[in-house]
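Student: First the structure, then my questions, so here it is.
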């Protein structure tokens, strides 16, 4: 008789659950635990979706002009799912076509003149185009063009409506994800470079090195983060790249504190003493033997800081000292449309706010899931 035959059904289920873990690597076990958390998996899917939209950029936006800044003032504040007819007219000016990669990165101007159209009337070899105004009666300006200039007449649906300048809200939201994710990613790299370096050196050497770095951490920690970011932004100037540096230079403190504590807990281990006995230098000991063993804690705090970077960027853009128009940003969109919250177009401010909330929540849940998956207890 086999041992399996005398086990109760409960114990058999336990054995089946534990059997796949035999011989599996630590990363495989962590990934298996991570997949059992539905919220963490859903957050990873949301982040992946936002990342895919940010990478493809102008290739998938309804408005593929640079910064999605194609304005139609006569189409201001259209409701979601509004449909408007457009007549595309060849104005005879040169419009060089960009390759797909450049179009994906920076967009492409419209090759033709797009006229929002209420109705068209054929007059011999010409075409009278009455412009769309949205009023009743329409009473729009009439433009006469040769029929040979008309490229096509088609209708376009604005899925999320338009803003006060007649720009497509959906396109601006999609490109705004590129700004938030890129600032979070690059600012986090800067913070990791500074925080991991200072935290590891402080804990590894101790003594006066630890005292000096700890004093620096406490000084920066005592300054409110938003005020420090604003001060650095004023010093560096307003702009896209300046926000990277400003946010990165304020986020390293959390990482340095975590790394310092983790290095203190592992630097007295036997394998570190063995590295000292073999004569390994400081750089090799830290990079090859200490940092790989504290990666889990660093990943968790990095996910949290990524969310903080997105919130900081949105706050700076809302205050007008972050990403500058016409580059779309979720914080800028909230700033430009928050007055509509009391009117019937509140969605213009609520949509970018919801995007910020969803992405930040996804990163926080991802960090919690990674923490639980890497917890050896």
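Student: Residue 271 label point, 7 Å along Cα→Cβ, cut-off 18 Å on backbone N: hits in segment 351-377?
Tutor: 374-377
Student: Of the residues 272, 186, 53, which exhibits the maximal mean-square fluctuation in a Gaussian network model of the chain defined by a 10 Å Cα contact cut-off?
Tutor: So, out of 272, 186, 53, the one fluctuating most is 272.
Student: Let me ask you something else. Report, to the nearest 10°, how far helix 26-35 tilts away from the longest principal axis of the Cα atoms in the chain, using its own Cα long axis and a range of 0 to 90°.
Tutor: 50 degrees
Student: Of the residues 297, 355, 274, which exhibits the maximal mean-square fluctuation in a Gaussian network model of the chain defined by a 10 Å Cα contact cut-off?
Tutor: Ranking 297, 355, 274 by mean-square fluctuation puts 274 first.
Student: Taking springs between alpha-carbon atoms closer than 10 angstrom, which of 351, 110, 75 fluctuates most in the Gaussian network model of the chain?
Tutor: Fluctuation is largest for 110.
Student: Same structure, new question: I'd like the distance between the alpha-carbon centres of segment 324-365 and segment 239-312, rounded to an integer number of Å.
Tutor: Each part's Cα centre sits 33 Å from the other's.
Student: Calculate the spin-label point distance for residue 282 paired with residue 215, positioning each point 7 Å from the Cα along the beta-carbon direction, and give it in nanometres.
Tutor: 1.8 nm
Student: Which angle from 0 to 90°, rounded to the nearest 10, does the C-alpha axis of helix 347-374 make with the longest principal axis of the chain?
Tutor: Roughly 20 degrees between the two axes.
Student: Give me the distance between the Cα centres of segment 113-134 and segment 39-64, rounded to whole Å.
Tutor: Taking the Cα centre of each part, segment 113-134 and segment 39-64 sit 37 Å apart.
Student: Answer with a single label: of (1) 21.3, 66; (2) 20.4, 65; (3) 28.1, 98, which was calculated as Rg and Dmax of the Cα atoms in Å from the structure in view?
Tutor: Correct label is (3).
Student: Give the order of 159, 127 when sorted by the count of other beta carbons within 10 angstrom, beginning with the fewest.
Tutor: Ordered from fewest to most neighbouring Cβ atoms within 10 Å, 159, 127 come out as 159, 127.
Student: For 227, 56, 160, what's the fewest-to-most ordering of other Cβ within 10 Å of each Cβ?
Tutor: 227, 56, 160
Student: Specify the angular offset, from 0 to 90 degrees and rounded to the nearest 10, of the alpha carbon long axis of helix 9-18 from the longest principal axis of the alpha carbons in the chain.
Tutor: 80 degrees
Student: For a footprinting-style exposure proxy, rank 268, 313, 74 by other Cβ within 10 Å, fewest first.
Tutor: 268, 74, 313
Student: Here's something else I'd like to know. Report the calculated FRET efficiency for residue 350 and residue 41 (r = Cβ-Cβ distance, R0 = 25 Å), to the nearest 0.05.
Tutor: With R0 = 25 Å, the Cβ-Cβ based efficiency is 0.40.
Student: Right, something else. State, to one decimal in nm, how far the label point of residue 154 lies from the label point of residue 101, with both points 7 Å from Cα in the Cβ direction.
Tutor: Between residue 154 and residue 101, the label points sit 2.7 nm apart.
Student: If one computes the Cα centroid of segment 70-101 and of segment 158-190, what distance in Å separates the two points?
Tutor: 19 Å
Student: OK, next. Between residue 82 and residue 358, what is the FRET efficiency for a Förster distance of 41 Å, r being their Cβ-Cβ separation, to the nearest 0.05?
Tutor: 0.95
Student: Quote to one decimal, in nm, the extra length available between residue 31 and residue 142 on full extension: 0.36 nm per residue of separation minus the C-alpha distance between them.
Tutor: 33.6 nm is the gain from fully extending residue 31 to residue 142.
Read-outs throughout are calculated quantities, based only on the coordinates presented, and are distinct from any laboratory measurement. Note that the coordinates shown come from a computational prediction; the quantities given were computed from them, not determined experimentally. Methodologically, a virtual Cβ is constructed for each residue, glycine included, from the backbone with ideal geometry; neighbour enumeration extends over all protein chains shown.
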